[in-house]
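The values are calculated or read from the model by the stated rules, or taken from the named source; none is laboratory data. Owing to the predicted nature of the structure, the values given are computational and were not obtained by experimental measurement. When we count neighbours, we look across all protein chains shown, and the Cβ atoms used for this are built from the backbone with ideal geometry, even at glycine. Ligands, DNA and RNA are stripped out before the accessible areas are found, and what is left, the full protein with its side chains, is counted by its heavy atoms. Shrake-Rupley method; radii C 1.70, N 1.55, O 1.52, S 1.80 Å.
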Amino acid sequence: MDFSAGLRVVDVSAGEINTIHVTGLCFEGGEGSGRVKSVEAAPDSGLEVRRFTVLDKMADVGGARQSFAELGLTADQRDVSHKCGASEEPAALYVEVALADGRSAYSPYLTIATEANGVSDSFRYPLGLTLCVVGEADEEFCSGEARAGRS
């Protein structure tokens with residue numbers, strides 16, 4: 001079974017920062033913990049991941065038109081010590097995103113690079129993110145279901 005999800009934020013102003021809850025994370029296998037090394041939007045998407053952080057539990061933010069600083073989040077958390085299958089809630093990955101060049105943007109996925117037990121890996125997380133500039137909410141690029149790239 002495939003999974004994908006999408007989030008659309010409309011009426012984004014130039015320079016506006018949005019904080020998004022991406023997913024829960026857990027560490028599988030071995031002892032210790034894993035580490036998130038980077039989070040990036042699709043190349044040439046027009047979307048910029050400015051910062052990311054891993055929290056021990058989900059915070060009451062997401063889709064917020066605020067930066068990490070305004071929400072009281074720090075961008076220095078990288079470790080994931082929650083074990084997969086444990087009865088506790090997984091850790092939560094948050095990103096701070098903005099438009100790279102002031103135009104509406106869409107990224108069909110985020111690439112998340114990790115390291116665990118000395119092994120580096122990366123995967124594409126299928127969360128489509130659309131940021132639409134002020135006045136473009138009804139344009140095909142911002143309202144359409146299927147996205148092929150930037151307008």
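For the range 66-129, the list of GluC sites (Glu not before Pro) that fall in a loop by DSSP and count at most 14 other C-beta atoms within 10 angstrom reads GLU88.
The 1.4 Å probe gives accessible areas that order THR74, THR111, largest first, as THR74, THR111.
Across the options LEU47, ALA69, GLY34, the greatest Cα extent toward the positive end of the charge dipole of the range 23-71 (unit charges at beta carbon of Lys, Arg, Asp, Glu) belongs to ALA69. Which percent of the accessible heavy-atom area of the chain goes to carbon and sulfur, probe 1.4 angstrom? Looking at the chain in its full context, I get 45 percent from C and S.
In this rough spin-label picture, where each label sits 7 Å from Cα along the Cβ direction, the SER81-TYR125 distance is 2.0 nm.
Shown here for the range 58-140: trypsin sites (Lys or Arg not before Pro) in loop regions (DSSP other than H, G, I, E, B) with at most 16 other Cβ atoms within 10 Å, namely ARG65, ARG78, ARG103.
Using just the helices of the chain, give the 222 nm mean residue ellipticity in deg cm²/dmol: DSSP H runs with n ≥ 4 each add -39,500 (n - 2.57), and the total is spread over all residues, rounded to 500.
Values: 2 runs with 8 residues, N = 151.
Using -39500 (n - 2.57) per qualifying helix, the result is -500 deg cm²/dmol.
Only one of the values (i) 1.01; (ii) 0.99; (iii) 1.28 was calculated from this structure for Rg/Rh (Cα atoms, Kirkwood Rh); name its label. Read-out from the structure maps to (ii).
Using the Cβ-Cβ distance between ALA137 and ALA5 with R0 = 22 Å, the FRET efficiency computed as 1/(1 + (r/R0)^6) comes to roughly 0.65. Between ALA69 and LEU55, the modelled label-to-label distance comes to 1.9 nm, taking each label 7 Å out from Cα in the direction of the beta carbon.
Solvent-accessible surface of the chain, taken per residue with a 1.4 Å probe and all protein chains present: 56 Å². Taken about its Cα centre, the range 4-130 carries a charge dipole of about 180 debye when Lys and Arg each add +1 at the Cβ and Asp and Glu each add -1 at the Cβ.
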